[in-house]
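The values are calculated or read from the model by the stated rules, or taken from the named source; none is laboratory data. This structure is a prediction, so every number in the text was calculated from the model and none was measured. Here the Cβ positions follow ideal geometry from the backbone for every residue, glycine too, while neighbour counts run over all protein chains shown. What goes into the accessible areas is simple: the full protein's heavy atoms, side chains included, and nothing from ligands, DNA or RNA. Shrake-Rupley method; radii C 1.70, N 1.55, O 1.52, S 1.80 Å.
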Amino acid sequence: MSQSRMCQKLRPGETFSGKQGFEYFEGIAKETTGSHAICMHLLDIPPGGRAKAHKHATHETAIYVIEGEAIMYWGDKLENLMETKAGDMIYIPADVPHLPINTSDKPARAVIARTDPHEQESVVLLPELEALVAS
């Protein structure tokens, strides 16, 4: 039976460095399970952690905040601010610039799912937006 026809179970273990500037726990992706249209990872954002401004070209993102809190700037010029906390579900449409920051003194943990089986393939860094959000 091919890998794509098998149900599989994973546990977060090894981490990888994402283009966005965070360490992600390996999860469901084409590289680990042979998935074709989805990936799902666990992310811990340390206190004070800040991603690089980015978007996911042609791929939608869904996030479930398990613990902690963070903020996310979003929009073409990162002009919108969303506050998030444990229990929140967040939807980010494809091609929408965003920049999450953990402004608290405790880690934030979230499950992230995306309609990109490669996870990092659709990440587009937007360094021209970095200065729009004060450190």
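Points worth noting:
- Candidates Pro93, Pro100: the one that is open to solvent by 50 Å² or more (accessible area, probe 1.4 Å) and in contact (Cβ under 8 Å) with a residue 12 or more places away in the chain is Pro93.
- Hey, Thr33 surrounded by fewer than 15 Cβ atoms within 10 Å (Cβ to Cβ), over 24 Å from Ala134 (Cα atoms) and over 13 Å from the mean Cα position of the chain (by Cα) or not: no
- Looking only at segment 38-60, and only at residues there that are exposed (fewer than 15 other Cβ atoms within 10 Å of the Cβ) and within 16 Å of the chain's Cα centre (by Cα), the one that is nearest to Thr103 (Cα to Cα): Pro46
- Between Tyr73, Tyr24, the distinction of being open to solvent by less than 50 Å² (accessible area, probe 1.4 Å) and farther than 13 Å from Arg114 by Cα belongs to Tyr24 only.
- First in segment 20-34 and more than 19 Å from Arg50 (Cβ to Cβ), second anywhere and part of a helix (DSSP H, G or I) and open to solvent by 50 Å² or more (accessible area, probe 1.4 Å), Cβ under 6 Å, 6 or more apart: Gly34/Gln3; Gly34/Ser4
- Those residues of segment 15-71 which are modelled with pLDDT of 95 or more and in contact with a helix residue (DSSP H, G or I) (Cβ under 7 Å, 6 or more places away or on another chain), in sequence order: Ala53
- Only one entry of Met6, Met82 meets the criterion of being touching a strand residue (DSSP E or B) at 6+ places or on another chain (Cβ under 7 Å) and either modelled with pLDDT of 95 or more or exposed (fewer than 12 other Cβ atoms within 10 Å of the Cβ) (or both), and that entry is Met82.
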